[in-house]
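Below: one structure, written as structure tokens.
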Amino acid sequence: MINYKEKLHPIRALVFDFDGVMTDGSVWVTASGETIRAGNIKDGFAVQYAVRKGYTVAVISGATSASIDNRMRSLGVEQCYTGCADKMAAYERFLATNHLDDSQVLYMGDDLPDYPVMLRAGVGTCPADAAVEIKEAADYVSHCPGGRGAVRDVIEQVMRLHGCWFHDDAVLW
């Protein structure tokens with residue numbers, strides 16, 4: 001069996017579920033029906049940094065919300081697949097659009113709808129508070145829970161391995 005760290009070498013794309021991964025899974029609903037989610041600023045920095053360093057970053061989410069699209073666009077992520085009842089179909093579109101194969105993709109999910117993609121991606125990861133079945137399927141379980149640093153954890157590991165995490169150019173912007 002290939003070691004988790006060895007599987008990170010070919011990674012060029014980072015794909016994340018949103019609720020429970022980019023957030024802690026909490027969704028507040030206002031009286032008008034608007035949904036509000038909270039993200040982690042350190043996760044956000046890592047996403048922005050990965051995009052600036054040339055990684056392809058995307059979100060595949062079952063939820064449909066302008067807040068997801070707005071948050072990801074603000075971080076430089078242009079590929080948001082939302083409202084996905086079938087995450088595998090979105091994942092296959094992502095691969096085709098970006099001319100990638102499974103071995104080049106790290107996927108992070110936290111619940112049962114993520115299971116098929118986690119098994120197919122080159123590296124399947126999850127936050128510390130993911131569903132038991134997801135933890136069992138994951139190549140790596142972050143020590144951080146969703147919305148509390150799990151995204152940063154995996155991005156930083158990939159970028160450190162590739163030698164492009166925090167060089168002097170990071171302080172210029």
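Computed 3J(HN,Hα) for the stretch 50-62, one whole-Hz value per residue from the Karplus formula 6.51 cos²θ - 1.76 cosθ + 1.60 where θ = phi - 60°, is 4, 4, 5, 8, x, 6, 8, 10, 8, 10, 10, 9, x, glycine and proline marked x. Remark: relative contact order (the stretch 4-167) = 28 percent; criterion is Cα-Cα distance under 8 angstrom and separation of 6 or more residues. In terms of overall dimensions, the stretch 55-98 has a Cα radius of gyration and Dmax of 10.1, 26 angstrom.
Put a dot 7 Å past the Cα of Val29, heading toward its Cβ, do the same for Asn3, and the two dots end up 4.8 nm apart. Put simply, when 109-116, 16-23 are sorted by average Cβ atoms within 10 angstrom per residue, most first, you get 16-23, 109-116.
From most to least packed by mean Cβ count within 10 Å, the peptides 29-40, 95-106 give 95-106, 29-40. Using a Förster distance of 35 angstrom, determine the FRET efficiency expected from the C-beta separation of Arg160 and Met88, and round it to 0.05. In this case the efficiency is close to 0.70.
Hydrodynamic analysis of the chain uses the Kirkwood radius over alpha carbon pairs. Inserted into Stokes-Einstein at 25 °C and 0.890 mPa s, it gives a translational diffusion coefficient of 154 µm²/s.
Basic side chains Lys and Arg get +1 at the Cβ, acidic Asp and Glu get -1 at the Cβ, and with that the dipole of the stretch 48-96 about its Cα centre reaches some 220 debye. Normalised size of the stretch 99-173, defined as Cα radius of gyration per 2.2 N^0.38 Å with N residues, equals 1.20.
Helix-only estimate, please: 222 nm mean residue ellipticity of the chain, summing -39500 (n - 2.57) across DSSP H runs of length 4 or more and dividing by its residues, to the nearest 500. The helix-only estimate for the chain comes to -10000 deg cm²/dmol at 222 nm.
Quick note: the coordinates plus some simple rules give every number you see, no bench work behind them. None of the values given here were measured: they were computed from a predicted structure. Glycine also receives a Cβ, built like all others from the backbone with ideal geometry; neighbour counts cover every protein chain displayed.
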